[in-house]
Amino acid sequence: AEKRTEFFLQVAAAMHQCGDSVLHFFWIGEGLERRRVEESLVQLPPSLAGKIRFPGARLDVADCLAAFDAFVLTSAYEGLPGALLEAMAAGLPCVATNVPGTRDVLTASCDDEIGLLADAGDPVRFATALLDLLRDTERMQRMGNNAQRHVLERYGLQTMVSEFGRVFRSVINENIGGESL
């Protein structure tokens, strides 16, 4: 429920109303909301419903991401948004709701634009932000490159192991009375 498929469908509907018939939408993953979402799809105009796919859980997510032009995350909240990081690592420009978790990731670089935070409460404003990005291919390319570089630098294996080690050492040091390890 926190991924907000209904909001995603509202964003898709708002984009579709702008008359852009080239757009197609894919929601990868599986969950308890699937049946409700499929029921919602039946209520959409056929011209829009035919452009939305829910292929379910996939083992080839990297291949799927490589086929997309952009990545969207419509979550109500996130911890560390793994799907967002995967999309950024794939070099995709990303638009995500402006909520904790996604905000932490997408505002971490003050020099380069690595993604867009969009209105978490207004699907029309979210759709407008996404459409503006999709209409600017140079910005999309630059954002995707920046995002990929950012993820590799900040979330690469060596960096993550180092950071976890630093946190563990800090906790251990606090618990043994300040003795340094």
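The values are calculated or read from the model by the stated rules, or taken from the named source; none is laboratory data. Remember, predicted model here, so these are calculated numbers, not experimental data. Every residue, glycine among them, receives a Cβ derived from its backbone with ideal geometry; neighbour counts consider all protein chains shown. The accessibility values were calculated without ligands, DNA or RNA, using every heavy atom of the protein model including side chains. Shrake-Rupley method; radii C 1.70, N 1.55, O 1.52, S 1.80 Å.
Of all residues assigned to the range 34-52, none qualifies as being in contact with a Lys or Arg (Cβ under 8 Å, 6 or more places away or on another chain), at pLDDT below 90 and over 16 Å from Ile114 (Cα atoms). Summed over the range 5-46, the residues that are open to solvent by less than 60 Å² (accessible area, probe 1.4 Å), assigned to a loop (DSSP other than H, G, I, E, B) and under 18 Å from Asp122 (Cα atoms) give a count of 0.
The set of residues in the range 51-70 being in contact (Cβ under 8 Å) with a residue 24 or more places away in the chain, farther than 14 Å from Leu23 by Cβ and open to solvent by 50 Å² or more (accessible area, probe 1.4 Å) consists of Pro55, Ala57, Arg58, Ala62, Ala66. Apart from one condition, Glu78 fits all of (1) open to solvent by 30 Å² or more (accessible area, probe 1.4 Å); (2) over 11 Å from the mean Cα position of the chain (by Cα); the exception is (2). The residues on offer are Ala147, Ala129, Ala96, Ala108, and the sole one that is open to solvent by less than 60 Å² (accessible area, probe 1.4 Å), at pLDDT below 90, closer than 30 Å to Leu9 by Cβ and not acidic (Asp, Glu) is Ala108.
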